[in-house]
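Each remark here refers to the structure printed beneath this line.
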Amino acid sequence: QVQLVESGGGLVQPGGSLRLSCAASTLFFSIYTMGWYRQAPGKQRELVARIAQIGSTNYADSVKGRFTISRDNVKKEVYLEMSSLKPEDTAAYYCTADLSGTVYWGQGTQVTVSS
């Protein structure tokens, strides 16, 4: 069982930046593929970014060039740096830990982009 705790959400103006963090409670953090998903009201949950064990990353087209995912295997944390935020980035953001198809989810943190 892996517990994930997100932090860093909040209200930010369009064009602003925000950094999300996710702390994992597992001894074997480095072997998990870590990810960030988001879900806006009335929409399906979607993948935002993912980072594999070896550090390779992939991003949703809508966030490429604006968001950066990274991980710290010593601290057992994964981060999502978000910049040039748009109102359409408003959503609940969820951290995930994936090991061979077994996926654990955090409780989510709200990001609201509004003036």
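The values are calculated or read from the model by the stated rules, or taken from the named source; none is laboratory data. The shown structure was predicted, so the numbers you read here are calculated from the model rather than taken from an experiment. All Cβ positions, even for glycine, are placed from backbone atoms using ideal geometry, and neighbour counts span all protein chains on display. The area values use the complete protein model at the heavy-atom level, side chains included, leaving out ligands, DNA and RNA. Shrake-Rupley method; radii C 1.70, N 1.55, O 1.52, S 1.80 Å.
Counting residues in the chain as N, plug N into 2.2 N^0.38 Å and put the Cα Rg over that result. Write down the numbers at each step before the final one.
On the way: Rg = 13.3 Å, N = 115, 2.2 N^0.38 = 13.4 Å.
Compared with the compact-globule rule of thumb, the chain sits at 1.00.
Ignoring ligands, DNA and RNA, what accessible area per residue does the chain give at 1.4 Å, in Å²? Intermediate values should be presented prior to the final figure.
Values: 6070 Å² over 115 residues.
That works out to 53 Å² for each residue.
Could you give the length gained by full extension between L11 and W105, i.e. 0.36 nm per residue of separation minus their alpha carbon distance, to one decimal place? Write out the running numbers ahead of the final one.
Details: separation 94, 0.36 × 94 = 33.84 nm, distance 2.25 nm.
Here the answer is 31.6 nm.
Starting from the Cα-Cα distance between S30 and D72, subtract it from 0.36 nm times their residue separation and give me the gain in nm to one decimal. Don't jump to the answer; show the numbers that get you there.
Working: separation 42, 0.36 × 42 = 15.12 nm, distance 0.86 nm.
Extending this stretch completely gives an extra 14.3 nm.
With each pseudo-label sitting 7 Å past Cα toward Cβ, what's the Q39-S84 distance in nm, one decimal?
2.9 nm
With only Lys, Arg, Asp and Glu charged, each at its Cβ (+1 for the first two, -1 for the last two), find how big the charge dipole of the chain is about the Cα centre; round to the nearest 20 debye.
Details: 11 positive and 9 negative charges, 8 e Å.
Its charge dipole is roughly 40 debye.
In what sequence, highest mean first, do 91-99, 44-52 appear when ranked by Cβ atoms within 10 angstrom? Kindly include the intermediate steps, with their values, before the conclusion.
Numbers: 91-99: 20.6, 44-52: 16.3.
Listed from highest to lowest mean packing, they are 91-99, 44-52.
Could you grab the relative contact order for the chain? Cα pairs under 8 Å, six or more apart, rounded to a whole percent.
Values: 278 pairs, mean separation 42.7, N = 115.
Once normalised by length, the contact order is 37 percent.
Given a 1.4 Å probe and every protein chain left where it sits, what share in percent of the accessible area of segment 20-115 is carbon and sulfur?
Details: 2380 of 4860 Å².
Of the solvent-accessible surface of segment 20-115, carbon and sulfur hold 49 percent.
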